[in-house]
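Structure first, then comments.
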Amino acid sequence: MLSSPSLLQELADPSRRAILGTLRQQPRSVGEIVELTGLKQPNVSNHLGRLRESGIVEATRDGRRMVYRLASGVVDNVLSASVVPRSTTVDSERVRAWADRLFAGIVEGDHRGAKAVVREALESGLALVDLYVDVFEAALARVGSWYEQGRLSVADEHLATNIVQRLMAWASSAAPGELPVDRKAVIGSAAGNQHDVGLRMIADALSQRGWDVRYLGADVPTPDFVRHVRHERPDAVLVGCGVEAASAEAKRLVGELDSLRLSEGLDCVIGLGGRYINLHPAFAKASGADFWDQDLRSLLARLDRVSTPRVDL
(Lines give C-alpha, C1' and ligand atoms only; values in the text may rest on other atoms or scores of the structure.)
Protein backbone atom coordinates (compact mmCIF):
# COMPACT_ATOMS: atom_id res chain seq x y z
CA MET A 1 0.00 0.00 0.00
CA LEU A 2 1.23 3.51 -0.79
CA SER A 3 2.56 5.80 1.92
CA SER A 4 0.44 8.88 2.68
CA PRO A 5 2.63 11.33 0.69
CA SER A 6 2.65 9.03 -2.36
CA LEU A 7 -1.06 8.46 -2.02
CA LEU A 8 -1.75 12.17 -1.92
CA GLN A 9 0.35 12.61 -5.06
CA GLU A 10 -1.87 10.09 -6.84
CA LEU A 11 -5.00 11.87 -5.60
CA ALA A 12 -3.74 15.26 -6.82
CA ASP A 13 -4.92 14.47 -10.34
CA PRO A 14 -8.55 15.68 -10.67
CA SER A 15 -9.52 12.90 -13.08
CA ARG A 16 -8.29 10.21 -10.68
CA ARG A 17 -10.13 11.92 -7.81
CA ALA A 18 -13.32 11.85 -9.87
CA ILE A 19 -12.87 8.14 -10.63
CA LEU A 20 -12.18 7.31 -6.99
CA GLY A 21 -15.18 9.39 -5.96
CA THR A 22 -17.46 7.09 -7.98
CA LEU A 23 -15.83 4.02 -6.42
CA ARG A 24 -16.47 5.32 -2.90
CA GLN A 25 -20.17 4.70 -3.54
CA GLN A 26 -19.85 1.15 -4.89
CA PRO A 27 -17.72 -1.03 -7.22
CA ARG A 28 -18.16 -0.04 -10.86
CA SER A 29 -17.21 -1.06 -14.39
CA VAL A 30 -15.28 1.15 -16.78
CA GLY A 31 -18.48 1.99 -18.64
CA GLU A 32 -20.23 3.08 -15.46
CA ILE A 33 -17.29 5.28 -14.48
CA VAL A 34 -17.23 6.86 -17.94
CA GLU A 35 -20.94 7.66 -17.69
CA LEU A 36 -20.67 9.18 -14.22
CA THR A 37 -17.50 11.23 -14.71
CA GLY A 38 -17.88 12.33 -18.32
CA LEU A 39 -14.27 11.30 -19.00
CA LYS A 40 -13.30 9.48 -22.18
CA GLN A 41 -13.07 5.69 -21.99
CA PRO A 42 -9.34 5.52 -22.88
CA ASN A 43 -8.56 8.09 -20.17
CA VAL A 44 -10.55 6.17 -17.56
CA SER A 45 -8.82 2.92 -18.51
CA ASN A 46 -5.38 4.55 -18.29
CA HIS A 47 -6.10 6.07 -14.88
CA LEU A 48 -7.48 2.79 -13.57
CA GLY A 49 -4.34 1.01 -14.75
CA ARG A 50 -2.21 3.51 -12.84
CA LEU A 51 -4.38 3.19 -9.74
CA ARG A 52 -4.17 -0.62 -9.88
CA GLU A 53 -0.37 -0.50 -10.15
CA SER A 54 -0.29 1.81 -7.13
CA GLY A 55 -2.45 -0.55 -5.09
CA ILE A 56 -5.26 1.99 -4.72
CA VAL A 57 -7.93 0.00 -6.58
CA GLU A 58 -8.55 -3.67 -7.21
CA ALA A 59 -10.34 -5.34 -10.11
CA THR A 60 -12.32 -8.55 -10.41
CA ARG A 61 -13.91 -10.08 -13.49
CA ASP A 62 -17.70 -10.24 -13.68
CA GLY A 63 -18.53 -12.13 -16.85
CA ARG A 64 -17.06 -10.15 -19.74
CA ARG A 65 -16.41 -6.96 -17.78
CA MET A 66 -13.95 -5.86 -15.12
CA VAL A 67 -15.36 -4.37 -11.93
CA TYR A 68 -13.20 -1.95 -9.93
CA ARG A 69 -13.32 -1.15 -6.20
CA LEU A 70 -11.24 0.72 -3.64
CA ALA A 71 -8.46 -1.50 -2.34
CA SER A 72 -8.12 -0.11 1.15
CA GLY A 73 -9.98 1.86 3.79
CA VAL A 74 -6.91 4.07 4.00
CA VAL A 75 -7.72 5.46 0.56
CA ASP A 76 -11.33 6.10 1.54
CA ASN A 77 -10.20 7.84 4.73
CA VAL A 78 -7.91 10.16 2.77
CA LEU A 79 -10.68 10.95 0.30
CA SER A 80 -13.13 11.61 3.11
CA ALA A 81 -10.75 13.97 4.84
CA SER A 82 -10.30 16.04 1.70
CA VAL A 83 -13.93 16.73 0.87
CA VAL A 84 -17.10 18.07 2.43
CA PRO A 85 -18.85 15.19 4.25
CA ARG A 86 -21.88 13.58 2.71
CA SER A 87 -25.24 13.45 4.45
CA THR A 88 -25.10 10.71 7.05
CA THR A 89 -28.84 10.26 7.50
CA VAL A 90 -29.72 9.17 3.97
CA ASP A 91 -29.09 5.70 2.59
CA SER A 92 -26.97 5.67 -0.57
CA GLU A 93 -29.45 3.35 -2.30
CA ARG A 94 -32.17 5.97 -1.86
CA VAL A 95 -29.87 8.64 -3.27
CA ARG A 96 -29.16 6.54 -6.37
CA ALA A 97 -32.89 5.91 -6.76
CA TRP A 98 -33.57 9.64 -6.64
CA ALA A 99 -30.94 10.21 -9.33
CA ASP A 100 -32.57 7.56 -11.53
CA ARG A 101 -36.03 9.06 -11.03
CA LEU A 102 -34.78 12.58 -11.66
CA PHE A 103 -33.10 11.45 -14.87
CA ALA A 104 -36.34 9.86 -16.05
CA GLY A 105 -38.27 13.01 -15.22
CA ILE A 106 -35.98 15.48 -16.95
CA VAL A 107 -35.55 13.47 -20.15
CA GLU A 108 -39.34 13.16 -20.35
CA GLY A 109 -39.79 16.88 -19.71
CA ASP A 110 -41.77 16.14 -16.55
CA HIS A 111 -40.97 19.14 -14.35
CA ARG A 112 -43.59 18.30 -11.74
CA GLY A 113 -42.39 14.73 -11.37
CA ALA A 114 -38.77 15.86 -11.16
CA LYS A 115 -39.64 18.47 -8.53
CA ALA A 116 -41.39 15.80 -6.47
CA VAL A 117 -38.11 13.85 -6.41
CA VAL A 118 -36.18 16.89 -5.21
CA ARG A 119 -38.76 17.68 -2.55
CA GLU A 120 -38.64 14.11 -1.27
CA ALA A 121 -34.85 14.19 -1.10
CA LEU A 122 -34.74 17.45 0.84
CA GLU A 123 -37.51 16.37 3.21
CA SER A 124 -35.56 13.16 3.87
CA GLY A 125 -32.60 15.22 5.10
CA LEU A 126 -30.34 15.19 2.04
CA ALA A 127 -27.97 18.16 2.18
CA LEU A 128 -27.99 20.63 -0.69
CA VAL A 129 -24.43 19.74 -1.72
CA ASP A 130 -25.29 16.03 -1.81
CA LEU A 131 -28.45 16.79 -3.79
CA TYR A 132 -26.40 18.69 -6.36
CA VAL A 133 -23.54 16.19 -6.62
CA ASP A 134 -25.21 12.81 -6.14
CA VAL A 135 -28.60 13.53 -7.71
CA PHE A 136 -28.44 16.49 -10.11
CA GLU A 137 -24.93 15.87 -11.43
CA ALA A 138 -25.52 12.13 -11.70
CA ALA A 139 -28.69 12.71 -13.72
CA LEU A 140 -27.06 15.34 -15.95
CA ALA A 141 -24.10 13.03 -16.62
CA ARG A 142 -26.52 10.46 -18.01
CA VAL A 143 -28.22 13.17 -20.08
CA GLY A 144 -24.84 14.07 -21.55
CA SER A 145 -24.09 10.43 -22.28
CA TRP A 146 -27.43 9.91 -24.02
CA TYR A 147 -26.90 13.08 -26.05
CA GLU A 148 -23.46 11.92 -27.23
CA GLN A 149 -25.00 8.57 -28.21
CA GLY A 150 -27.66 10.33 -30.28
CA ARG A 151 -30.49 9.20 -27.99
CA LEU A 152 -31.40 12.82 -27.16
CA SER A 153 -31.68 15.83 -29.48
CA VAL A 154 -30.28 19.27 -28.79
CA ALA A 155 -33.77 20.36 -27.77
CA ASP A 156 -34.09 17.39 -25.39
CA GLU A 157 -30.74 18.19 -23.79
CA HIS A 158 -31.60 21.87 -23.41
CA LEU A 159 -34.97 21.02 -21.86
CA ALA A 160 -33.40 18.66 -19.34
CA THR A 161 -30.78 21.26 -18.39
CA ASN A 162 -33.43 23.96 -18.06
CA ILE A 163 -35.53 21.78 -15.74
CA VAL A 164 -32.51 21.11 -13.53
CA GLN A 165 -31.69 24.83 -13.38
CA ARG A 166 -35.26 25.62 -12.30
CA LEU A 167 -35.11 22.87 -9.68
CA MET A 168 -31.78 24.22 -8.41
CA ALA A 169 -33.35 27.65 -7.92
CA TRP A 170 -36.19 26.10 -5.95
CA ALA A 171 -33.99 23.74 -3.93
CA SER A 172 -31.48 26.42 -2.95
CA SER A 173 -34.29 28.57 -1.56
CA ALA A 174 -35.94 25.62 0.22
CA ALA A 175 -32.80 24.19 1.83
CA PRO A 176 -31.86 25.60 5.26
CA GLY A 177 -28.94 28.02 5.17
CA GLU A 178 -26.12 28.68 7.59
CA LEU A 179 -25.36 31.94 9.40
CA PRO A 180 -23.58 34.57 7.27
CA VAL A 181 -19.78 34.53 7.28
CA ASP A 182 -17.42 37.38 6.45
CA ARG A 183 -16.46 35.95 3.07
CA LYS A 184 -17.27 37.09 -0.43
CA ALA A 185 -16.96 35.29 -3.77
CA VAL A 186 -17.28 36.47 -7.36
CA ILE A 187 -18.25 33.63 -9.68
CA GLY A 188 -18.67 33.68 -13.47
CA SER A 189 -17.82 32.04 -16.78
CA ALA A 190 -15.05 33.22 -19.05
CA ALA A 191 -16.08 34.93 -22.27
CA GLY A 192 -17.22 32.37 -24.82
CA ASN A 193 -18.38 29.84 -22.23
CA GLN A 194 -22.15 29.35 -22.23
CA HIS A 195 -22.19 26.41 -19.80
CA ASP A 196 -22.90 27.58 -16.28
CA VAL A 197 -24.85 24.86 -14.46
CA GLY A 198 -21.76 23.81 -12.49
CA LEU A 199 -20.98 27.41 -11.56
CA ARG A 200 -24.57 27.93 -10.47
CA MET A 201 -24.21 24.92 -8.17
CA ILE A 202 -21.07 26.42 -6.64
CA ALA A 203 -22.78 29.78 -6.16
CA ASP A 204 -25.82 28.20 -4.52
CA ALA A 205 -23.70 25.98 -2.26
CA LEU A 206 -21.54 28.87 -1.09
CA SER A 207 -24.60 31.06 -0.50
CA GLN A 208 -26.15 28.26 1.54
CA ARG A 209 -22.96 28.13 3.61
CA GLY A 210 -23.19 31.82 4.44
CA TRP A 211 -20.94 33.39 1.78
CA ASP A 212 -21.81 36.68 0.09
CA VAL A 213 -21.85 35.50 -3.53
CA ARG A 214 -21.82 37.73 -6.59
CA TYR A 215 -22.82 35.42 -9.44
CA LEU A 216 -22.09 36.87 -12.89
CA GLY A 217 -23.39 33.95 -14.99
CA ALA A 218 -22.19 32.75 -18.38
CA ASP A 219 -20.06 34.40 -21.07
CA VAL A 220 -18.75 37.39 -19.10
CA PRO A 221 -16.45 39.74 -21.08
CA THR A 222 -13.01 39.80 -19.49
CA PRO A 223 -12.85 43.60 -18.92
CA ASP A 224 -16.25 43.53 -17.20
CA PHE A 225 -15.25 40.54 -15.06
CA VAL A 226 -12.03 42.23 -13.92
CA ARG A 227 -13.82 45.51 -13.28
CA HIS A 228 -16.35 43.76 -11.07
CA VAL A 229 -13.65 41.99 -9.08
CA ARG A 230 -11.78 45.27 -8.60
CA HIS A 231 -14.96 46.85 -7.20
CA GLU A 232 -16.07 43.95 -4.97
CA ARG A 233 -12.63 42.93 -3.64
CA PRO A 234 -13.72 39.34 -2.86
CA ASP A 235 -11.96 36.62 -0.90
CA ALA A 236 -12.31 34.17 -3.81
CA VAL A 237 -12.83 34.41 -7.57
CA LEU A 238 -14.05 31.34 -9.44
CA VAL A 239 -13.84 31.22 -13.23
CA GLY A 240 -15.71 28.68 -15.36
CA CYS A 241 -14.33 27.22 -18.59
CA GLY A 242 -16.40 24.36 -19.96
CA VAL A 243 -15.30 24.36 -23.60
CA GLU A 244 -12.03 24.70 -25.50
CA ALA A 245 -13.33 27.78 -27.34
CA ALA A 246 -13.28 29.69 -24.06
CA SER A 247 -9.90 28.44 -22.84
CA ALA A 248 -7.76 31.26 -24.23
CA GLU A 249 -10.05 33.88 -22.72
CA ALA A 250 -10.12 32.01 -19.42
CA LYS A 251 -6.32 32.03 -19.28
CA ARG A 252 -6.29 35.73 -20.14
CA LEU A 253 -8.83 36.43 -17.38
CA VAL A 254 -6.84 34.52 -14.76
CA GLY A 255 -3.71 36.44 -15.80
CA GLU A 256 -5.44 39.81 -15.48
CA LEU A 257 -6.90 38.85 -12.11
CA ASP A 258 -3.46 37.82 -10.91
CA SER A 259 -2.05 41.15 -12.10
CA LEU A 260 -4.84 42.89 -10.23
CA ARG A 261 -3.79 41.16 -7.04
CA LEU A 262 -0.23 42.39 -7.46
CA SER A 263 -1.01 45.93 -8.56
CA GLU A 264 -3.80 46.71 -6.09
CA GLY A 265 -3.03 44.41 -3.19
CA LEU A 266 -6.19 42.38 -3.72
CA ASP A 267 -6.11 39.48 -1.25
CA CYS A 268 -8.08 36.70 -2.92
CA VAL A 269 -7.66 33.21 -4.29
CA ILE A 270 -8.42 32.39 -7.92
CA GLY A 271 -9.98 29.08 -8.93
CA LEU A 272 -10.58 27.68 -12.41
CA GLY A 273 -13.07 24.94 -13.24
CA GLY A 274 -15.39 23.37 -15.77
CA ARG A 275 -15.46 20.36 -18.07
CA TYR A 276 -12.56 21.54 -20.24
CA ILE A 277 -10.43 22.15 -17.16
CA ASN A 278 -11.27 18.71 -15.75
CA LEU A 279 -10.12 17.08 -18.97
CA HIS A 280 -6.98 19.24 -19.32
CA PRO A 281 -5.37 19.66 -15.88
CA ALA A 282 -2.08 20.65 -17.50
CA PHE A 283 -3.80 23.68 -19.02
CA ALA A 284 -5.22 24.58 -15.61
CA LYS A 285 -1.79 24.37 -14.03
CA ALA A 286 -0.27 26.57 -16.73
CA SER A 287 -3.06 29.14 -16.45
CA GLY A 288 -1.72 30.59 -13.21
CA ALA A 289 -4.86 29.80 -11.19
CA ASP A 290 -4.35 28.90 -7.53
CA PHE A 291 -6.45 25.73 -7.76
CA TRP A 292 -8.72 23.78 -10.10
CA ASP A 293 -10.83 21.39 -8.03
CA GLN A 294 -12.97 19.05 -10.10
CA ASP A 295 -15.82 18.28 -7.74
CA LEU A 296 -18.05 20.49 -5.64
CA ARG A 297 -17.27 18.85 -2.30
CA SER A 298 -13.50 19.27 -2.54
CA LEU A 299 -13.95 22.86 -3.74
CA LEU A 300 -16.13 23.71 -0.74
CA ALA A 301 -13.66 22.08 1.62
CA ARG A 302 -10.89 24.19 0.09
CA LEU A 303 -12.90 27.42 0.28
CA ASP A 304 -13.81 26.70 3.89
CA ARG A 305 -10.16 27.45 4.59
CA VAL A 306 -10.37 30.91 3.03
CA SER A 307 -10.50 33.39 5.90
CA THR A 308 -9.35 36.83 6.94
CA PRO A 309 -6.39 37.07 7.02
CA ARG A 310 -5.94 34.83 4.00
CA VAL A 311 -4.34 31.44 4.42
CA ASP A 312 -2.30 29.71 1.73
CA LEU A 313 -4.10 26.96 -0.17
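Quick notes on this structure:
- All other residues whose Cβ lies under 12 angstrom from that of Glu58 are scored, Lys and Arg at +1 and Asp and Glu at -1, for a net of +2.
- Sparsely packed loop sites in the stretch 127-236 (the trypsin sites (Lys or Arg not before Pro) outside DSSP H, G, I, E and B with at most 16 other Cβ atoms within 10 Å) comprise Arg151.
- Restricting the GluC sites (Glu not before Pro) of the stretch 122-219 to loop positions (DSSP other than H, G, I, E, B) with no more than 10 neighbouring Cβ atoms within 10 Å leaves Glu178.
- The chain, relative contact order [Cα under 8 Å, separation at least 6], %: 14 percent
- Alpha carbon centroid spacing (whole Å) that separates the stretch 17-33 from the stretch 134-162: 20 Å
- Cα gyration tensor, the stretch 201-263 - rounded (a/c under 1.5), prolate or oblate: oblate
- Just checking the listed ones, Arg297, Arg64, Arg101: in the Gaussian network model of the chain with Cα springs under 10 Å, the one fluctuating most is Arg64.
- Using the Stokes-Einstein relation with a Kirkwood hydrodynamic radius computed over Cα pairs, the translational diffusion coefficient of the stretch 95-233 at 25 °C and a viscosity of 0.890 mPa s comes to 154 µm²/s.
- Considering all C-alpha pairs of the stretch 157-228, those separated by over 16 Å amount to 54%.
- Put Trp98, Trp170 in order of accessible area, highest first, and with a 1.4 Å probe you get Trp170, Trp98.
- Cross-link reach list, lysines versus Lys40, counting only Cα pairs under 23 Å and skipping chain neighbours closer than eight places: Lys285
- Cα gyration tensor, the stretch 101-157 - rounded (a/c under 1.5), prolate or oblate: oblate
- Note that the chain carries a Kirkwood radius of 20.2 Å, evaluated over its alpha carbons pair by pair.
- Axial C-alpha extent at least 20 Å, average Kyte-Doolittle at least -0.5 - helices from the chain (DSSP): 92-107, 154-174, 247-264
- Using the Cβ of Arg227 as centre and a radius below 14 Å, the other residues enclosed give a net charge of -1, where K and R count +1 and D and E count -1.
- Springs join every pair of Cα atoms under 10 Å in this Gaussian network model of the chain, and among Gln165, Gln208, Gln26 the largest mean-square fluctuation is at Gln26.
The values are calculated or read from the model by the stated rules, or taken from the named source; none is laboratory data. Bear in mind the structure is a predicted one, so any value in this text is a computation, not a measurement. We place every Cβ from the backbone using ideal geometry, glycine too, and count neighbours over all the protein chains shown. In case anyone asks, the SASA skips ligands and DNA or RNA and just uses the protein heavy atoms, side chains included. Shrake-Rupley method; radii C 1.70, N 1.55, O 1.52, S 1.80 Å.
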